[in-house]
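Below: the structure, in structure tokens.
The values are calculated or read from the model by the stated rules, or taken from the named source; none is laboratory data. Bear in mind the structure is a predicted one, so any value in this text is a computation, not a measurement. Cβ placement follows ideal geometry from the backbone for every residue including glycine, while neighbour counts extend to all protein chains displayed. To get the accessible areas, we keep the full protein, side chains included, count just its heavy atoms, and leave off ligands, DNA and RNA. Shrake-Rupley method; radii C 1.70, N 1.55, O 1.52, S 1.80 Å.
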Amino acid sequence: MLQILHAADLHLDSPFAGLSPEQATQRRGLQRQLPGQIVDLANDLGCRLLLLAGDVFDGERVCPETIEALQAAFARCRARVFIAPGNHDPYDSRSPWACAPWPENVHIFTGAQESVTLPELGCRVWGAAFTAGTCHDGLRPVESEGLLELGVFHGDPEKPGPYRYLSQAELEASGLDYLALGHIHKTSLPRKAGKTWYGWPGVALGRGFDECGVHGVFHVTLDGGGCHAELLPLSGPRYERITVRAGEEPVLPEDCSNLICRLIFTGESEPLDLERLRETLAPRFLALELRDETTPPPALWDSCGDGTLRGLAMDALRARYDRAEPAERPAIVLAARYVLAALEGREAPC
């Protein structure tokens, strides 16, 4: 049995361009805690390998504090660490991978596919590096030597393109027992191609509303050809989008203190008082953004007072609406729409 921690796409030193300079600096500081969290997990779980499948850094410009945080984390990691640089942090002579000193337990792949044999663990680790922002190299099949054959690559098995596309045929013929992938930011638990289990944990921590939900790293156990993997969340701010129909109470998580939330109001409504809503809700969140995507209600009350059957019905409903509590009003509006639909012979409103 071999236990592995598989991480990818930390994107350390992301610019966080949508935030203020102060907020961006704070978020980069929180990102620098990710390597320490990952190493703590590896040590606590007794993992023998830590596989980092690329885009550890977000770009070529890396702050000294970020490199120091990564070095310090690796230095106390009891697992062997293998890194396959990706399209955001390719290996070249000027990159931190080449210029910074790394602890002895760290192996960085520097170019074409190669392997490191670990007889004490009964495995071989294969990997390769991006050496520029694109890479068209595939995956060469390996000959098994009675060891567990592991791979760590930054690549895309879902669509052809310039980011090391790995076809289904390549995956099935790889000869690997487990392939640790990075590049795709959405989590996909390991699946099987031939004898090869492969998956990607996704981005380690969401950085915007295009990366909502829980993120983290994989804890992988390989045993007798079987593979068990679970996603272990990392602590830090989490992005969520929550849709609320106008007039209804939003259904929110019990603890929103670490949530950066976008509340989107939909349905029919008079213009919302977003400032009042923000004053009420914002204290519960780390940060809150409100969006009013409601549409104006139909002219329900236009016929009030005109003495027609329609007008008399609307008079009665409008009087109830004006006396009602805010929470009751959506039901009255819906009843009025049903009445109008019935009087006009139209389909019932949705």
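All but one of (1) open to solvent by less than 60 Å² (accessible area, probe 1.4 Å); (2) closer than 23 Å to LEU232 by Cβ hold for PHE16; which doesn't?
The number of the failed condition is (2).
Does GLU240 qualify as being at pLDDT below 95, over 30 Å from GLU172 (Cβ atoms) and of a type in the set (D, E, K, R)?
Spelling it out, it is not the case that GLU240 is at pLDDT below 95, over 30 Å from GLU172 (Cβ atoms) and of a type in the set (D, E, K, R).
Can you name the residue in segment 80-99 that is aliphatic (A, V, I, L, M) and not in a strand (DSSP E or B) and, of all such residues, is nearest to HIS154 (Cα to Cα)? Working first, answer last.
Filtering segment 80-99 down to residues aliphatic (A, V, I, L, M) leaves 81, 83-84, 98.
Filter once more, so that each one left must be not in a strand (DSSP E or B): 84, 98.
Numbers: ALA84: 6, ALA98: 18 Å.
Per the stated criteria, the residue is ALA84.
If you scan segment 300-330, which residues turn out to be open to solvent by less than 60 Å² (accessible area, probe 1.4 Å), free of Cβ contacts under 8 Å to residues at least 24 places away in the same chain and closer than 30 Å to ILE242 by Cβ?
Within segment 300-330, TYR321, ALA324 qualify.
Suppose the filter is under 16 Å from LEU234 (Cβ atoms) and surrounded by fewer than 18 Cβ atoms within 10 Å (Cβ to Cβ); does ASP40 pass it? Full working, then the answer.
Details: under 16 Å from LEU234 (Cβ atoms): yes; surrounded by fewer than 18 Cβ atoms within 10 Å (Cβ to Cβ): yes.
Answer is yes for this residue.
Condition test on GLY224, is it over 20 Å from PHE285 (Cβ atoms) and open to solvent by 40 Å² or more (accessible area, probe 1.4 Å)?
On the way: over 20 Å from PHE285 (Cβ atoms): yes; open to solvent by 40 Å² or more (accessible area, probe 1.4 Å): yes.
Yes.
Run down GLU293, GLU249 and say which single residue is touching a Ser or Thr at 6+ places or on another chain (Cβ under 9 Å), at pLDDT below 95 and farther than 24 Å from GLY29 by Cβ. Break it down stepwise before answering.
Numbers: GLU249 fails: touching a Ser or Thr at 6+ places or on another chain (Cβ under 9 Å).
Answer to the check: GLU293.
Residue by residue through segment 87-103, note down the ones that are without any contact (Cβ under 8 Å) to a residue 60 or more places away in the chain and buried (at least 20 other Cβ atoms within 10 Å of the Cβ). Give the steps one after another, and end with the answer.
Start the filter on segment 87-103 by keeping residues that are without any contact (Cβ under 8 Å) to a residue 60 or more places away in the chain, which leaves 89-103.
ASP89, PRO90, TYR91, PRO96, TRP97, listed by residue number.
Checking TYR239 against (1) in contact with a Gly (Cβ under 6 Å, 6 or more places away or on another chain); (2) in contact (Cβ under 8 Å) with a residue 40 or more places away in the chain: exactly one of these is not met. Which one?
Status for TYR239: all satisfied but (2).
Within segment 20-33, is even one residue closer than 26 Å to SER188 by Cβ and β-branched (Val, Ile, Thr)? Steps first, answer last, please.
Step one: filter segment 20-33 for residues closer than 26 Å to SER188 by Cβ, giving 27, 30-31, 33.
Imposing the further condition that a residue be β-branched (Val, Ile, Thr) reduces the set to none.
No, that holds for no residue.
Out of the residues in segment 308-322 that are modelled with pLDDT of 90 or more and farther than 12 Å from LEU340 by Cα, which is nearest to the chain's Cα centre (by Cα)?
Selected residue: ARG320.
Which residues, taken from segment 159-171, are within 15 Å of TRP197 (Cα to Cα) and either in contact with a helix residue (DSSP H, G or I) (Cβ under 8 Å, 6 or more places away or on another chain) or open to solvent by 80 Å² or more (accessible area, probe 1.4 Å) (or both)? Before you say what the answer is, go through the steps one by one.
In the first step, residues of segment 159-171 are kept if they are within 15 Å of TRP197 (Cα to Cα); the result is 166-171.
Correct list: GLN168 only.
Any idea which of LEU5, LEU34, LEU30, LEU10 is surrounded by fewer than 23 Cβ atoms within 10 Å (Cβ to Cβ) and either touching a residue at least 60 places away in the same chain (Cβ under 8 Å) or more than 16 Å from the chain's Cα centre (by Cα) (or both)?
Details: LEU5 fails: surrounded by fewer than 23 Cβ atoms within 10 Å (Cβ to Cβ); LEU34 fails: surrounded by fewer than 23 Cβ atoms within 10 Å (Cβ to Cβ); LEU10 fails: surrounded by fewer than 23 Cβ atoms within 10 Å (Cβ to Cβ).
From the options LEU5, LEU34, LEU30, LEU10, the qualifying one is LEU30.
Could you please let me know if GLY182 is crowded, with 21+ Cβ neighbours inside 10 Å and either β-branched (Val, Ile, Thr) or in contact with an Asp or Glu (Cβ under 7 Å, 6 or more places away or on another chain) (or both)? Walk me through it before giving the result.
On the way: crowded, with 21+ Cβ neighbours inside 10 Å: yes; either β-branched (Val, Ile, Thr) or in contact with an Asp or Glu (Cβ under 7 Å, 6 or more places away or on another chain) (or both): yes.
So GLY182 passes the test.
Residues ALA331, ALA282: which one is under 30 Å from ARG32 (Cα atoms) and assigned to a helix (DSSP H, G or I)?
Details: ALA331 fails: under 30 Å from ARG32 (Cα atoms).
Of the residues listed, the single one that is under 30 Å from ARG32 (Cα atoms) and assigned to a helix (DSSP H, G or I) is ALA282.
Which of the strands (runs of 3 or more DSSP E) contained wholly in segment 157-276 include at least 1 residues that are more than 28 Å from ASP292 (Cα to Cα)?
It comes to 178-182, 188-193, 196-200, 216-223, 226-233.
In the set GLU293, GLU275, which member is open to solvent by 40 Å² or more (accessible area, probe 1.4 Å), under 29 Å from the mean Cα position of the chain (by Cα) and acidic (Asp, Glu)? Walk me through it before giving the result.
Working: GLU275 fails: under 29 Å from the mean Cα position of the chain (by Cα).
None of the others qualify; the one that does is GLU293.
Among the residues of segment 47-76, how many are open to solvent by 70 Å² or more (accessible area, probe 1.4 Å) and part of a loop (DSSP other than H, G, I, E, B)?
Going through segment 47-76 one residue at a time, the tally reaches 4.
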